[in-house]
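Novice: Below you will find the structure I want to go over with you.
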Amino acid sequence: MLAAVRAHGVLSQAEIARITGLSPASVSNIVHQLADADAVELSPGIRGGRRAQEVRVRSDGGLVVGLDFGHRHIRVAVSDLRFVVRAERRVECDVGASALSALAVAERLVGELLDEIGTTRCGVRAVGLGLPAPMGPDGGTLAAWPILPSWATIDPARHLAKRLGAPVYADNDANLGARGELYFGAGRGVSDLAYIKAATGLGAGLVVAGNVYRGFAGSAGEIGHLTIDEMGPVCSCGNRGCLETMVGAPYLLELIRHSHPDVRTVEQLVTCALAGDGGCRRVVADAGRHIGFVAANLCNVVNPERVVVGGDLAAAGDLLLEPLRSAMPRYAVVTVASTPVVAALTGERAEVLGALVLAVEQFQRRHDQAEGADVPADDPGREVPSGDDAGVNDPGRDPAGRDSARDSAGEAVRDGSGDPGFRTEAGLANGHHPAVSGPAPDLGPAGRSPVSGPA
C-alpha cells in the first residue's frame, strides 16, 4: 500500500482499494495503522466532487538525491520521498576530463544542498545517478565505449556511494530522461515511449510496456551511433558517419564557426536561431531532419506511442521539431508515420528528475525486500548496501517489480500553458490503474515555471 501511495503522490482510501484490490474495510484499518505509526499523513480533500480522506506518505521519511552528469555540467536535486524538491543546483563542469574530479564536485554539491535545507547525509535514503554514456549490463560500470575514457576504470556508483554513505543507483542519462518525462512530463499516461536527448551527443531512452528497456548489454537506445553515411566522418565510437557526427554539438558548432565565431555553445546556437538568425536556423533545421530520419526508423522498429525530444537542442522548439516531424511520413511505415513528436515538458531537468524517480524506486525495493515483500526473483540487478560496498541495483525496474509507468501518477510540472496555477493530472488511465486526481508532487520553483518548446 505504501508503494502505491508513494507512486501516486496522494490517494483517497477508495482509490487505494481499487488499485490494490483490498476491501475498503481492510484499507481503512491499514491506513489508520500506518497513520498511528507516522508512516502516512491523513487530510480531508475532494475526490470526484465528493469529500474524501486523502492519504500521503509522510515527507519526513527521508530524502533522496538525484545527480545528472552531462558532458559539461552537473545538476543535483534533493527531494523527499514524495518528490517535493527541497534544493537544486547546476554547475558547469568538464565531466569527461576526470571522473574523480567530477565525483568530488558532485559530493561537494550534495553537501552544500543538504546544508542549505538544514540536514545531513544521514537522512539520505538513496541516490540516483545519470551519466552520458551506456552503462554495462550490471548497471554499475560504463560499457566499453570510448565516450568517457576517464571513467572506464571505475565503478561510479560504488565510488560515489563511498563518498556519500548512501546507496547509489546509476543509469544512462537518456534512460533517466525517459523516466522523468514518464512521471512528470509529456510521457504521462504512456506505456510505450521513446525519449530522444539531443545535446552534446544524441541518445534515446526507450520505455516498453511501462518499463525502461536497457537491452542485454545495457546499450539500448544508442541511436546517435546509427550509421547515416558509411563514408562520413569518423565517430568517437570508431565507426564512420554516425548520426552523432551530423547532429552532435561539436559538429553543429563547427558548421557555424566561420560565420558566427561568437557562437560557442548549443545554448547560444539555439538563442540565435530563436532570434531569427538565418544561418543558425538552417543548422537547427538540418539537425531536425537528420534526427527525424532516425526517429522514423526507431518508430518502425519499436512503435512507441509517443516520441519526446529533450536536451539542449530541444529548446529550439518548432525550429527543430517541425523538420523532425516532416521526416516521419517520408521514412516511417504508414502505421507509425503519425506518431506524435513533442518537446519534453520538464526541459533540462528531465534527467535529474528521472534520477530522483530511480532513487525512490530502488529505496522502496530495498524497503520491500527488508520487510519480506514479494520482489520478483528474476530481477537481474545487484543489491549492495551503503558504505564500502554500496553500489547499484537494477535501474530498469520499479520498487515492487511492477510497471513503473502504469503505477506512476500524481501531477507534475506545468505544461507551459501560461497559467501559473495550471497543473496536469498525471494518473494513467489504463486497464491496470485508473487515472486519479489530486495535488502534485512539488518539483520546486523551477518546476512551476514555463519550460521552453511546444507542449
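Values in this text are rule-based calculations from the coordinates and carry no lab data. Small disclaimer: the values here were computed from a predicted structure and weren't measured. Don't worry about glycine lacking a Cβ; one is built from the backbone with ideal geometry, like all the others, and counts go over all protein chains shown.
Novice: Could you give the radius of gyration (one decimal) and Dmax (whole number) of the Cα atoms in segment 1-118, in Å?
Specialist: Over segment 1-118's Cα set, Rg and Dmax evaluate to 19.3, 59 Å.
Novice: If you take the square roots of the eigenvalues of the alpha-carbon gyration tensor of segment 2-57 and sort them as a ≥ b ≥ c, do you get rounded (a/c under 1.5), prolate (a/b over b/c) or oblate?
Specialist: Verdict is rounded for segment 2-57.
Novice: With r defined as the distance between the Cβ atoms of Thr119 and Ser150 and R0 fixed at 30 Å, what FRET efficiency is calculated, to the nearest 0.05? Please list the in-between numbers first.
Specialist: Values: r = 32 Å, r/R0 = 1.06.
In this case the efficiency is close to 0.40.
Novice: Output the antiparallel fraction of DSSP beta bridges having both residues in segment 2-57, as a percent to the nearest 5.
Specialist: 100 percent
Novice: Among Glu107, Glu181, Glu54, Glu254, rank each residue by its count of other Cβ atoms within 10 Å, from fewest to most, as a rough exposure measure.
Specialist: On the way: Glu107 18, Glu181 30, Glu54 21, Glu254 10.
Ascending Cβ contact count within 10 Å gives the list Glu254, Glu107, Glu54, Glu181.
Novice: Tell me, what is the FRET efficiency for Arg257 and Gln369 to the nearest 0.05, using R0 = 56 angstrom and their Cβ-Cβ distance as r?
Specialist: Details: r = 53 Å, r/R0 = 0.95.
Calculated value: 0.60.
Novice: What list of whole percents do you get for P(r) of segment 49-143, with Cα-Cα distances grouped in 5 Å bins up to the one holding the largest distance?
Specialist: 3, 12, 21, 20, 15, 13, 7, 4, 3, 2, 1, 0
Novice: Taking amide H positions as placed 1.01 Å from N in the peptide plane, with prolines and chain starts having none, which residues 5 or more places from Leu142, or on another chain, fall under 5 Å of its amide H?
Specialist: Those qualifying (amide H under 5 Å, at least 5 residues apart or on another chain) are Gly136.
Novice: While we're here: Under a plain spin-label model, where a point goes 7 Å from the Cα along Cα-to-Cβ, how far apart in nm are Tyr213 and Arg89?
Specialist: Taking the simple label geometry, Tyr213 and Arg89 are separated by 4.0 nm.
Novice: Roughly how many nanometres apart are two label points built 7 Å out from the Cα toward the Cβ at Arg240 and Ser326?
Specialist: Going by the 7 Å Cα→Cβ label model, 3.0 nm.
Novice: What FRET efficiency do you get for Asn303 and Arg50 if R0 is 25 Å and r is their Cβ-Cβ distance, rounded to the nearest 0.05? The partial results should precede the final answer.
Specialist: On the way: r = 40 Å, r/R0 = 1.58.
The computed FRET efficiency comes out at 0.05.
Novice: Taking a ≥ b ≥ c as the square roots of the eigenvalues of the Cα gyration tensor of segment 187-347, is the shape rounded (a/c under 1.5), prolate (a/b larger than b/c) or oblate?
Specialist: prolate
Novice: Right, another one. For Val302, Val334, Val234, which order do you get if you count the other beta carbons within 10 Å of each Cβ and list the fewest first?
Specialist: Sorted ascending by nearby Cβ count, the order is Val334, Val234, Val302.
Novice: At 0.36 nm per residue, and after removing the present C-alpha to C-alpha distance, how many nm does the segment from Arg58 to Ala275 gain when stretched out fully?
Specialist: The Arg58-Ala275 span can extend by a further 73.5 nm.
Novice: Then there's this: Please list, in order, the residues from segment 218-260 whose amide nitrogen is less than 16 Å from a point placed 7 Å along the Cα→Cβ vector of Arg282.
Specialist: In segment 218-260, the label zone of Arg282 (backbone N under 16 Å from the point 7 Å along Cα→Cβ) covers 252-260.
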